[in-house]
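Computed from the coordinates by the stated procedures, all read-outs in this text should not be read as laboratory data. Since the model is a prediction, treat every value here as computed from it, not as a measurement. So basically every Cβ, Gly included, is an ideal-geometry build from the backbone, and we count neighbours across all protein chains shown.
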Amino acid sequence: MTESSARWIAEQRFEGIASSHAIVMDGDKKVGSSPAELVLIALCGCTGYDVVSILRKKREPFTSLEVRAEAERAPNPPAVYTEIHLVYRVEGTVSRKAVEDAVRLSEQKYCSVSAMLQKTAKISYKIEYSAS
C-alpha cells in the first residue's frame, strides 16, 4: 500500500508527504509547483525512469536523458489534461531503434502515470538525438 498526505501551510500552499520525503505544492505557483504541474513532472520522471532502465539493460551508451512535457487542459473544471506532448532528448551514441523501443515500452507497458493519464489525455511524443 502507498500512503501520501497533504498538510495546509498557508494561502494556497500545502506540504505534500509521501514516505519520508516532502515537497511544497502551491496553487498560486509562488513558492512551489501546482498539483497539476506535479502530475506532469511525475509523468516525465516515470517514463524517464523506464527509458533509462531499458537503455541500461541494453547497454546503450547514452550520456544524458531529459523528458519535457507540453500540455493542454480542458477549459472547464475539472481541468484535466486533454493533450500531452512529450519530448525526449537523448545524448550519446545510441541506437535510435533502442531508444524508440524503450520509449514505446514505457508508454505501452511500464509507466503507470502514463497509463492513468491516457484515460483523459491524448499522449504523443517525439525523440531528439544529440551526439555527446
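Worth pointing out:
- Fully extended contour minus Cα-Cα distance, from LYS97 to TYR129, at 0.36 nm per residue: 10.3 nm
- Rounded tilt (10° steps) of 96-105 against the dominant C-alpha axis of the chain: 40
- The fraction of Cα-Cα pairs per 10 angstrom bin, counted from 0 for region 35-130, comes to 16, 50, 25, 7, 1 percent, rounded to whole percents.
- About its Cα centre, the dipole of the chain is roughly 440 debye, where the only charges are +1 on Lys and Arg Cβ and -1 on Asp and Glu Cβ.
- Spatial separation of Cα centroids for region 17-53 and region 82-127, in angstrom: 17
- Rounded to 10°, Cα long-axis angle of helix 35-57 versus longest principal axis of the chain: 20
- In terms of distances greater than 18 angstrom between alpha carbons, the cross-link table entries LYS57/LYS122; LYS57/LYS109; LYS57/LYS97 yield LYS57/LYS122.
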